[in-house]
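> I have a structure I would like to understand better, so I am pasting it below and will then ask my questions one at a time.
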Amino acid sequence: MGSAYLLRKAGGAVLTLFAIAVLNFFLFRMLPGDPVNSLLPRNVSQEQKQALRTRLGLDQPVFPAVVRSSSGALTVDFSTLPDSLLHNQFLTSMGNLLVLDLGMSYSESKPVLEVINDHLWPTVLLVGTAEVVALVIGILIGIRAGWRRGSRFDSLSINGSLVLYAVPLFWLGMLLFYLFATPNGIALLPGQQMVTPGLRHSDPLAYWVDVIRHLILPATTLALGLIAGNALIMRSSMVETLKDDYVTTARAKGLTDAQVVRRHAIPNALLPTVTVIALTFGYVLGGAIGVEEVFSWPGMGTLTIDAIHDKDFPVLQGLFLIIAACVVIANLIADMLYGYLDPRVRT
Amino acid sequence: MTAVSTAAPGRRGRRHAWYDSWAVIRGNRQSLLGVVILTAFVLIAVLGPFLVGPIDKAAANKPLLSPSMAHLFGTDRSGRDLFVTNIWATRISLLVGLVASLLSMIIGAGIGISAGYLGGRWDAWLMRFTDFFYVLPTLVLALVLAAVLGPSLTNVIIVIAITAWPATARVIRSQTLTIRERMFVDRARATGASSLRIMRRQVLPNVFGLVLANTTLTIAEAIFLETTLSFLGVGPKDSYSWGRILDESFAAGALTLGKWAWFVPPGVAVVLVVLAFTLIGAAFDEILDPRLRRRKRGAADPGGPDVTAAGGSLLSIESPSVPTSESFDRRGG
């Protein structure tokens, strides 16, 4: 792959990451009022407040020559200037970011990174399972529908996908929960948490069986949403590919239909599909938030909602940063993959 | 200036276009279905609240009633009639969708037209700005913004508008790029019209169809986003939307209590409305791109429902540029 193409894409990603960090900083400084007030009970003394402010670095100017007045509004104060050029919250927080210090959580007295790390693996497990299932099933449906375009299977799968596409995933999760995890339907599977609470697992195998039983409903919900999109992408990619000249040539050579599809159409149609799917990573993480909330899955989605309710802004800030960074990196990988698979875009 | 204006499609041409559009919608069973569904919901949103009266805040009814003739969808935990609440929620959900997408259309079209018409450095910077917002995960950004701004109807509308515009800006920009090269724009430039005037008088009318088509998709996206935000607890607390009903039903344990009439109707409503907008959006694409119509006629698919246009437009793959995740982003949740 051309190194200029690679460098340009990587450089763009680094710039985007920096812009996200800056946006993240200002977004949370826009919050009205003094964060210390929402952190401490009402009856604490001014000294205690001041001590917390110093500890959190909130006594520093926000930006060179920009300070937060006692009323909580941001004001310009040039008298702080020579000093505030270097000692301000912006530079401090950017410096902390470089060493991956995201600050302390308000509600749990742990570093933000640790809190997020506790919730990372459940989300990876959920999203990973759903993505693999949806990839296989979605692509298979797409191939069949695109190949037999206009058939009953095709219109069925398109219409199904369009309907599924309009369903909010969290609501789909609620329906599945109602039908398969409560006695109102058939209580087949557990619908809450990742393991049965209070249960002591005798061996790792029993533990994993328990986790997988809990995983089925949320992963199915998320996968159903992804299948619709994947099938539609793969189908339209198949339809486009089957129109190409080399497919006609392959037919002219006397290959059977099945050979044409397997050897020529599918590999080429997979190409754009795989990249589009890599690009949808942000959507998958977004969809996982609602699904996790419905099934109280202890992942980053549930953590996001908890952080919002507890006004735990350092955690929220860290989550936004990490999720956005994941999406940017996924996009970069998609770009590179596409450049690798399709030499035409490498210039 | 009249000489310049006549170059743009005249009134007669426009009337013809309207007739043409209706013909496409009528000829396509799916988009017709979309129009029927949407009309029904708009009627409910506009007239419904007058027919069912206000949401009973005094909680005169018994809480958690099952559906009956008196309370079609039963009542919630404070005794509100859920049928009445859903009727009012229809109005709020549609309103949020409409206002938020109008706002996002204005931002998106403004930036898209400016970038496409001005070109050069303007284009580069504006598109860099757009792409930046485009990569950010929609729902996560919306959640964070909503948490920072606080829950109210206005804030939710603002949040949706801020997160939804980049897709529009990109589409409008590429359309503007082709219009910029057209003769009537050159002519306007030759008469000494300013860039701002040309963008308003020559470019805007010619991308307007596309803006409208995009709005249908944006409204669906906005309704989707509002529902999800409300369900996750950062939506408006001063009015009922479908998402808020779902949030309350979930929080009250309607799932384990077996109160299906509490959470099924609002969800079905979201699905129907979003589906209707998607189907209509597909028809719009056909209207704007007559090639799709021809291809469809040529396709050997007599009678059977064909949403090739829908599939193609939702997920168009533009080789050799990297395909976009637009269609996914649009859902946001």
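> Which shape class, rounded, prolate or oblate, goes with segment A:112-310 when its Cα gyration tensor gives a ≥ b ≥ c as root eigenvalues, a/c under 1.5 marks rounded, and past that a/b bigger than b/c marks prolate? Kindly include the intermediate steps, with their values, before the conclusion.
Numbers: a/c = 2.40, a/b = 2.19, b/c = 1.09.
Verdict is prolate for segment A:112-310.
> Let me ask another. Residues with amide H under 5 Å of A:S296's amide H, sequence separation 5 or more or different chain, H placed in the peptide plane at 1.01 Å from N; which?
A:Q193
> Starting with the highest mean, order B:196-203, A:19-26 by the number of other Cβ atoms within 10 Å, averaged over the residues of each peptide.
Numbers: B:196-203: 18.5, A:19-26: 17.0.
Sorting B:196-203, A:19-26 by mean packing, highest first, produces B:196-203, A:19-26.
> Setting aside same-chain residues fewer than 8 positions from B:K62, which lysines have a Cα under 28 Å from its Cα?
B:K237, B:K259
> Determine, for B:F224, B:F208, B:F50, the number of other Cβ atoms within 10 Å of each Cβ, and report the residues in order from fewest to most. Don't skip to the end; give the middle numbers.
Numbers: B:F224 27, B:F208 12, B:F50 8.
Least to most surrounded, the residues fall as B:F50, B:F208, B:F224.
> Using alpha-carbon pairs under 8 Å, 6+ residues apart, how would you state the relative contact order of chain A in percent?
Details: 407 pairs, mean separation 80.7, N = 347.
It rounds to 23 percent for chain A.
> Residues of B:221-231, mean number of Cβ from any other protein chain within 10 Å of their own Cβ, rounded to a whole number?
3
> Could I ask something else about it? As an exercise, use a Förster radius of 56 Å and the Cβ-Cβ distance of A:Q193 and B:A70 to find the FRET efficiency, rounded to the nearest 0.05.
Values: r = 39 Å, r/R0 = 0.69.
With a Förster radius of 56 Å, E is 0.90.
> Need one value for A:231-242: mean number of C-beta atoms belonging to other chains within 10 Å of its residues' C-beta atoms.
4
> Quick one: 3J(HN,Hα) in Hz for segment B:175-187, Karplus 6.51/-1.76/1.60 with θ = phi - 60°, rounded, Gly and Pro as x.
3J(HN,Hα) across segment B:175-187, in whole Hz: 5, 4, 4, 6, 5, 4, 7, 7, 4, 5, 6, 4, 4.
> Quick one: dipole size for segment A:112-310, taken about the Cα centre, charges +1 on Lys/Arg Cβ and -1 on Asp/Glu Cβ, in debye to the nearest 20. Please report the intermediate quantities before stating the final value.
On the way: 12 positive and 14 negative charges, 250 e Å.
Charge dipole, segment A:112-310, about its Cα centre: 1200 debye, nearest 20.
> Further question: Per residue of A:281-291, how many C-beta atoms from partner chains lie within 10 Å of its own C-beta, taken as a mean?
On the way: counts 3, 12, 11, 2, 3, 14, 6, 1, 8, 7, 1.
Averaged over the peptide's residues, the number is 6.
> Out of A:G103, A:G254, A:G173, any idea which swings most in a Gaussian network model of chain A, alpha carbons joined below 10 Å?
Maximum fluctuation in the GNM of chain A, among the listed residues, is at A:G254.
> Determine, for B:K259, B:K237, A:K49, A:K9, the number of other Cβ atoms within 10 Å of each Cβ, and report the residues in order from fewest to most. Show your work: numbers first, answer last.
Details: B:K259 25, B:K237 13, A:K49 16, A:K9 19.
Fewest-to-most Cβ neighbours within 10 Å comes out as B:K237, A:K49, A:K9, B:K259.
> Quick one: length gained pulling A:A258 to A:W208 fully straight, 0.36 nm per residue minus the C-alpha distance?
Values: separation 50, 0.36 × 50 = 18.00 nm, distance 4.05 nm.
So the extension gain works out to 14.0 nm.
> Under a crude label model (7 Å from the Cα following the beta-carbon direction), how far is A:D118 from A:Y340 in nanometres?
3.7 nm
> Just report the Cα centroid separation between segment B:126-188 and segment B:29-78, whole Å.
Answer, in whole Å: 33.
> Shifting gears a bit: Given a 10 angstrom Cα cut-off, can you work out which residue in A:M238, A:M300, A:M94 is the most mobile in a GNM of chain A?
Largest GNM mean-square fluctuation: A:M94.
> Could you tell me the calculated FRET efficiency between B:R26 and B:L102, based on Cβ-Cβ distance and R0 = 25 angstrom, to the nearest 0.05?
Working: r = 27 Å, r/R0 = 1.07.
The pair B:R26/B:L102 has a calculated efficiency of 0.40.
> Taking the Cβ-Cβ separation of A:F153 and B:F208 as r and a Förster radius of 22 Å, what is the calculated FRET efficiency to the nearest 0.05? Show your work: numbers first, answer last.
Details: r = 39 Å, r/R0 = 1.76.
Efficiency at R0 = 22 Å is approximately 0.05.
> Report the paramagnetic label zone for A:V22: residues of segment B:116-138 whose backbone N is under 14 Å from a point 7 Å from Cα along the Cα-to-Cβ axis.
Under 14 Å, as judged by backbone N against the label point of A:V22, lie B:125-126, B:128-130, B:132-133 of segment B:116-138.
> Another question, then. How large is the charge dipole for chain A, taken about the Cα centre, if only the Cβ atoms of Lys, Arg (+1) and Asp, Glu (-1) carry charge, to the nearest 20 debye? Numbers along the way, then the final one.
Numbers: 24 positive and 24 negative charges, 256 e Å.
It comes to approximately 1220 debye.
> In nm, to one decimal, how far is the A:A325 label point from the A:T248 one, both placed 7 Å along Cα→Cβ?
5.1 nm
> Follow-up question, since we're still on this one. For a quick check: sort B:L141, A:L205, A:L175 by the number of other beta carbons within 10 angstrom, fewest at the front. Mind dumping the intermediate values first?
On the way: B:L141 23, A:L205 9, A:L175 18.
Least to most surrounded, the residues fall as A:L205, A:L175, B:L141.
> Also: Under 1.5 on a/c is rounded, so check that first for chain A, then, if it is not, pick prolate when a/b is larger than b/c and oblate when it is not; a ≥ b ≥ c are the square roots of the alpha carbon gyration tensor eigenvalues.
Working: a/c = 2.95, a/b = 1.57, b/c = 1.88.
Cα axes put chain A in the oblate bin.
> What is the gain in length, in nm to one decimal, between A:D310 and A:L52 on full extension, counting 0.36 nm per residue of separation less the C-alpha to C-alpha distance? Show your work: numbers first, answer last.
Working: separation 258, 0.36 × 258 = 92.88 nm, distance 1.81 nm.
Here the segment from A:D310 to A:L52 would lengthen by 91.1 nm.
> Right, something else. Once you put a point 7 Å from the Cα of B:M183 and another 7 Å from the Cα of B:T154, both along the Cβ direction, what distance in nm separates them?
Distance between label points: 5.0 nm.
Every number here is computed from the coordinates shown, using simple stated rules; none is lab data. Computed from a predicted structure; not experimentally measured. Every residue, glycine as well, gets a Cβ built from its backbone with ideal geometry; the counts of neighbours run over all protein chains shown.
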